[in-house]
Amino acid sequence: MQSVKAGAGPTDRAIVPQPLRVDFVRPLARTLAIAAAALAVVDFVAGSVLYVTDGAIPRVIWAAAYALWAYREWRRPRPALLALLVTAAATTAVLSLLTVVWDLPFDWYDQYTAYGILLAVAVATAVLDRRPLWLRVAVWAGPALWALAYGSLIGQPTENVFDWVIVTAATVFLLHFMVERLSDAANAAARAQAEVTELHRALARCSQVLLEDASEDALDVALAALLEATAADCAYVDRTIHDGEVPGWEIVAAAYSDAITEDVSWMKGSYADLPTMLAAHQAGRVCEMRREALTGKEREMYERGGVEMEVSVPVFVDGVWRGCLSLVYNRSARRRTDLEVDMLIQAAALVSAYWRRQDDRRRLEELVRSKDELVASVSHELRTPLTAVVGLAEEMAASAMDFDRETLAELASVVAEQSRELAHLVEDLLVAARVESGGLTVQATDFDLRSEAESVVASLGLDVAVVGPEAMVRADPLRCRQIIRNLLTNASRYGGSNIEIRIVDGAGQVSLSVVDDGDGVPEEDAERIFDAYVRGHEAVAPGSVGIGLAVSRNLAHLMGGALEYLRRDGLTEFRLSLPGVEAPSAEAAAPSALDRV
């Protein structure tokens with residue numbers, strides 16, 4: 001297993017990223033510049049063109065200077081908006097009060113303009129990234145104190161002043177609260193959208209890697225992409241090991257953040273130690289293991305590994321639980337999100353497709369290899385009898401006059417025998433092809449199975465005893481002879497020196513067994529020998545097609561019977577079972593020769 005470090009580049013994770021926020025600061029700095037410039041123009045026109053105000057030049061100069069300052073801050077990457085707002089509020093409040101207390105050579109803004117500026121500044125502070133306590137107090141108390149001082153200085157009745165103070169404080173509070181909440185909501189939406197975008201990018205990367213890359217490193221690359229898009233500290237894929245009563249796991253690919261190192265103690269283990277996760281995975285559910293909620297050995301394992309939480313999704317391939325995809329969180333401050341779980345589920349589906357594609361590729365490679373072996377085996381099997389038939393036929397045609405009658409009869413017998421073997425092989429291949437295409441049918445009739453077995457033994461010229469009573473079955477006699485012939489051929493090639501056929505007539509079922517005293521096949525190959533093109537005795541006959549037993553079992557199933565391999569008492573037995581019919585009872589057979597071996 002290979003593991004990778006997420007963010008292994010020199011700049012990755014080197015700088016702690018700032019919390020994502022919507023950029024309200026630069027647009028607000030631009031707005032302040034525009035508003036200050038507009039005030040400068042209005043004051044200039046009102047005082048110097050229309051002559052409707054006195055002492056406008058100081059206000060024009062201040063507004064123009066403030067506009068230039070705000071413009072400069074707007075052009076900076078991170079404007080100093082707090083200084084702009086505090087300056088505007090302080091200048092407006094102080095100078096508006098001074099114009100009431102002292103007779104200044106110029107008039108500052110009237111109470112309505114000053115009041116509007118203070119409210120606008122108080123509301124604008126709600127979009128700042130950082131709002132210290134003193135600023136929060138100043139935002140709410142400043143305009144109210146200004147209203148109290150200004151109203152008192154201009155001689156308004158006390159009740160009017162207090163009404164103005166209360167309305168000012170309430171207005172600032174409500175507007176500031178609403179803008180702050182809207183700002184926070186916009187920032188939360190921006191963070192969620194950024195997270196969704198990052199997760200989608202990670203899924204796209206996983207999809208590209210797992211669906212296009214067939215190498216073993218594809219899982220490592222995909223896990224690194226997932227880890228970069230989440231708050232997890234480790235992402236891994238394990239495969240399920242079904243070698244005992246309780247399955248186990250083995251990690252086959254993993255990616256780690258810079259915060260942790262690879263822990264070999266988690267590379268392999270048994271689900272007996274994690275019953276909660278086992279139950280969830282077997283049920284096909286997402287499993288969330290929080291250390292604080294665990295007890296017993298499960299909690300000890302997570303405490304030993306320093307794991308705060310693990311989210312795991314089972315991976316199924318064609319309905320079989322093949323493994324799981326997990327995110328591990330080692331730092332309690334970093335918690336998973338629902339979006340991460342959704343991404344994990346989709347990524348698990350991609351892992352399933354990746355494994356299925358690997359299975360299909362292996363099956364295709366095996367199919368191609370089997371095809372090549374089949375062509376070679378069939379060529380070998382056909383060449384042997386064809387060589388004998390063609391060679392002997394040419395010899396007989398060229399030197400017929402030189403052979404006596406007995407020699408010609410012997411040569412003709414060999415030609416006939418090889419021709420029958422060739423015909424049998426071709427028939428098996430044709431039957432196998434028709435079975436795979438679903439075009440094979442059987443013609444069931446009632447006949448004596450013992451008579452058919454004796455007929456096959458005679459046609460093959462084998463010294464094989466047929467032991468058992470006459471037994472009527474309902475099947476296809478042609479296909480039964482083909483099965484018996486294949487079983488006898490298999491026994492004579494690969495079995496022992498003593499072969500016999502045993503027939504047992506049971507209640508409603510008749511069985512025919514071809515028994516020999518050979519070594520048989522390994523226990524793990526007991527079922528594989530019935531697969532097409534699988535040979536159980538490679539060393540004995542490496543050129544064999546390996547199709548006879550597969551054809552025989554398929555024919556037995558088509559006739560409502562079965563064909564099985566048994567190994568007991570030192571004997572090898574292939575048992576054909578067929579539906580029986582009522583028939584005259586026969587005397588029980590004498591003890592067989594193999595029973596006395």
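Where a number appears in this text, it was derived from the coordinates with a stated rule and is not lab data. These numbers come from a predicted model, not from an experiment. Positions of Cβ are backbone-derived with ideal geometry, glycine not excepted, and every protein chain shown enters the neighbour counts.
Here is how the numbers come out for the structure above:
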{"read-out": "Theoretical gain in end-to-end length, W134 to M267 [0.36 nm per residue, Cα-Cα removed]", "value": "42.5 nm"}
{"read-out": "Label-to-label distance, nm, for residues given as Q111 and D54 (7 Å Cα→Cβ offset)", "value": "2.0"}
{"read-out": "Order of M559, M178, M301 - criterion: other Cβ atoms within 10 Å of each residue's Cβ, fewest first", "value": "M178, M301, M559"}
{"read-out": "Mean Cβ neighbour count within 10 Å, used as a protection proxy, ranking 185-198, 565-578 highest first", "value": "565-578, 185-198"}
{"read-out": "Segment 25-190 shape via C-alpha gyration tensor axes, a/c threshold 1.5", "value": "oblate"}
{"read-out": "Inter-probe distance in nm under a simple model that places probes 7 Å from Cα toward Cβ, at A353 and S215", "value": "2.1"}
{"read-out": "Label-point separation, V42 to T91 (7 Å along Cα→Cβ), nm", "value": "1.6"}
{"read-out": "Dmax and Rg, reported as Rg then Dmax, of segment 230-336 (C-alpha, Å)", "value": "13.1, 38"}
